[in-house]
Amino acid sequence: MIEYENLGRVNKPFVSEYRKRFDEILQSGWYILGKNVTDFEKEFADYCGTSSCVGVASGLDALILSLRSLDLSPGGEVIIPSNTYIATILAVVHCGLKPVLVEPNIHTYNIDPEKIFSKISPNTVAILVVHLYGKACDMVPILQIAEHHSLRLIEDCAQAHGATCHGQRVGGFGCYGAFSFYPTKNLGALGDAGAVTTNDSQLAQQIIRLRNYGSSIKYHNDVVGYNSRLDEIQAAFLSVKLAWLDAITLHKRELARLYLDGLKDDFIKPLEQEGFYDVYHIFAVRHQKRDQLKVYLQENGIGTEIHYPVPPHRQKALQGLLDENDYPLATEIHSTIISLPISYYHQKNDILQVIDVMNRF
């Protein structure tokens, strides 16, 4: 059986260092907002090429705190891709803002800059892009649109640690970059964790206050805040893994190359673009008989996932919160997409076996 993912095997190379760091933290007696968090924040900011990084409790919190800190007008409209994971939309709703969906480019699966213009209204306050599956959005025209209309720009980087657009890593294009370190990510913790990156020191200070009850000095609360702190243990584990992130990405890119070269053209494969460095958190292909393909692969000992089976506009939780448009591109993607094994522990022979089985479908 070729599993889709096995986090025990993914983390096996780091176990001895994890244990060492855990023992150090346990003996120190300092478990919240200590040296490990500070060190990781600096290391990850340096990695992303930003001046600041603030650790928070999850990727969803990273989005919520980013939106909250910008003091956007209640009920203001935030432009979001129509095929994103629901967390992006939940953050907007939780902040009292209105999500406005924009269809993706059918080839990149990222928000289509050309379709943003028609959704901008006098009530639009921000654009929230999502670097989906590990591919950076086309940030040059999106930055131009945001600047022209004086809109705040936030990046959902949950799936794209280290991805680049024209040489710049994601997380530093907008006001904020919101990251998740959920265990399955290329840079995954051993539990929930997240971070916000920014090049604005004042915005960084706002996130620092918001994550810790609205306080920057103990027992002095300046704003209505949250309890959303990256803990010392997860920060230490993330520092260990960050040193390996480029090697993890390179390995996944090598496995992706096998798929791109070996899969027959019956499968719609990820688009490669000059000027973009994709990190393949997920290697997703599309096929009109996706559900039959998934069953076939399972019967042949290959695990897969679907990211994601239900588009946002058809989620029960979002009924009445979104407009009633059909979003045919999002529907097409969500009904045909399937994610193939591409974990750090998978070897080339695993992928060649997947290719062989798929090409016989």
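Read-outs: derived from the displayed coordinates by stated rules, not from any lab. Since the model is a prediction, treat every value here as computed from it, not as a measurement. FYI the Cβ positions are ideal-geometry reconstructions off the backbone, even for glycines, and counts take in every protein chain you see.
Figures for the structure shown
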| item | result |
| --- | --- |
| Summed side-chain charge close to SER335 - residues other than SER335 whose Cβ falls under 14 Å, Lys, Arg +1, Asp, Glu -1 | +2 |
| Net charge of Cβ neighbours under 10 Å - reference PHE361; Lys, Arg +1; Asp, Glu -1 | +2 |
| Axial C-alpha extent at least 30 Å, average Kyte-Doolittle at least 0.0 - helices from the chain (DSSP) | none |
| Karplus-derived 3J(HN,Hα), 6.51/-1.76/1.60, for each residue of the stretch 149-155, Hz, glycine and proline x | 9, 6, 9, 6, 10, 10, 10 |
| Shape parameters for the stretch 245-358, alpha-carbon atoms, Rg then Dmax in Å | 15.8, 48 |
| Under 13 Å, Cβ to Cβ, from MET1 - net charge with Lys/Arg +1 and Asp/Glu -1 | -3 |
| Choice from VAL37, VAL295, VAL130 showing the highest fluctuation, given a GNM over the chain with Cα pairs closer than 10 Å | VAL295 |
| Gyration tensor (alpha-carbon) shape descriptor, the chain, a/c threshold 1.5 | oblate |
| Label point distance in nm, HIS220-ALA247, each placed 7 Å from Cα along Cα→Cβ | 4.5 |
| Cut-off under 5 Å, modelled amide H: who pairs with LYS98 long-range | GLY75, GLY76, GLU77, VAL78 |
| Vicinal HN-Hα couplings computed from phi for the stretch 267-273 (Karplus, 6.51 cos²θ - 1.76 cosθ + 1.60; Hz; Gly/Pro x) | 9, 7, 9, x, 7, 9, 10 |
| Cα centre as origin, Lys/Arg/Asp/Glu Cβ charges: the stretch 245-358 dipole, Debye | 240 |
| Trypsin sites (Lys or Arg not before Pro) within the stretch 258-361, DSSP loop, no more than 15 other Cβ atoms inside 10 Å | LYS264, LYS289, ARG360 |
| Lys/Arg +1, Asp/Glu -1 at C-beta; the stretch 245-358 dipole; positive extreme among VAL285, GLN353, PRO312 | GLN353 |
